[in-house]
1. Using a simple charge model, +1 on the beta-carbon of Lys and Arg, -1 on the beta-carbon of Asp and Glu, nothing else, what dipole does the chain show about its Cα centre, in debye to the nearest 20?
2. What ranking do Y180, Y21 get, fewest neighbouring Cβ atoms within 10 angstrom at the top?
3. Go through segment 28-44 residue by residue and turn each phi into a ³J(HN,Hα) via Karplus (6.51, -1.76, 1.60, θ = phi - 60°); whole Hz please, and just put x for glycine and proline.
4. If you take the charge dipole of segment 3-201 about its Cα centre, with +1 on Lys and Arg Cβ and -1 on Asp and Glu Cβ, which of L124, H89, G75 is farthest toward its positive end?
5. Mind telling me which of S14, S44, S101 comes out most flexible in a GNM of the chain, alpha-carbon contacts under 10 Å?
6. Springs between alpha-carbon atoms under 10 Å, Gaussian network over the chain: tell me which of H89, H161, H60 tops the mean-square fluctuations.
7. Among the DSSP beta bridges whose two residues both lie in the chain, what percent are antiparallel, rounded to the nearest 5?
8. Relative contact order, percent, of the chain when contacts are C-alpha pairs under 8 Å separated by at least 6 residues?
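Read the figures in this text as sums done on the coordinates, not as results from a lab. The structure presented is a predicted model; accordingly, all values stated were derived computationally and were not measured. Counting neighbours? That spans all protein chains shown, and the Cβs are built from the backbone with ideal geometry, glycine included.
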Amino acid sequence: MNDANRTPWVVGVSGASGTPYAAAVLRGLLDAGESVDLVVSRASRLTLLDETGIAFRDGHWQDDLRTWLERGADGKPGTFRVDVGAVRHWAAGDLAAGPSSGSYPVKGMLIVPASTACVAGVALGLSKDLLQRAASVTLKERRRLVVAVRETPLNGQTLRHLVALDEAGAVVLPASPAFYAGATHIQDLVDFVAGRVLDAAGVAHGLYRRWEGELGGSRAD
Ligand SMILES: Cc1cc2nc3c(=O)[nH]c(=O)nc-3n(C[C@H](O)[C@H](O)[C@H](O)COP(=O)(O)O)c2cc1C
């Protein structure tokens, strides 16, 4: 795809636990033939390091991203084959980046996972980094914004921020796996949440088994 026709999804990875959710969403977008503009917050480098052992470097982002996306939720390297050619990376501190302007063409933005700090920043319009600025731009342009918040329990302040995001038109999507789709492995639970994020974005995928109206229908026995 040449650059003139490129209309990516912005994917923001903030510093909440749940980097496997981000990996599954990114793989899902790429599998669906979507292009991606990726913003990895400074704090999310700590969660990525903690959860995968990968030190994400702006200068080597393609190698680090490929290593990350090829890893399963159980930590096993090389579980997936991933071509990151459709991904463009923007440094979190780059406030002159494309997604910081409403005139830059994008389909919308998915924040996966979203920290409560990120939720607060977007709800209040702080734009403290590119991730938050891109989210504010997404709202002001009336584009799809999906916020996969990950924290528990939630305090009243965060709940109020989530209501503000809902009222501003965002889809608030707690990273909350369900068990009706027949999960037997961690990856199944991760893929359920990632699949619901892609559902909210209207992107086709086969990440989880949908409810078909039959109790116990997904059980193996
Ligand atoms: C290992 C680790 C796990 C964390 N998990 C969460 C979490 O699940 N939810 C959350 O809201 N914050 C979590 N935090 C705290 C955020 O990283 C912190 O609030 C940070 O300021 C978020 O910044 P960001 O939104 O710019 O990425 C975690 C931090 C670390 C180091």
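1. In debye, rounded to 20, the chain gives about 400.
2. Numbers: Y180 15, Y21 25.
With the sparsest Cβ surroundings first, the list reads Y180, Y21.
3. These are the phi-based 3J(HN,Hα) values: x, 5, 5, 4, 7, x, 7, 9, 9, 9, 9, 10, 10, 5, 4, 5, 5 Hz.
4. Farthest towards the positive pole: L124.
5. Judging by the Gaussian network model, the answer is S101.
6. H60
7. On the way: 0 of 20 bridges.
Beta bridges within the chain, antiparallel portion: roughly 0 percent.
8. Working: 409 pairs, mean separation 49.6, N = 221.
Relative contact order here is 22 percent.
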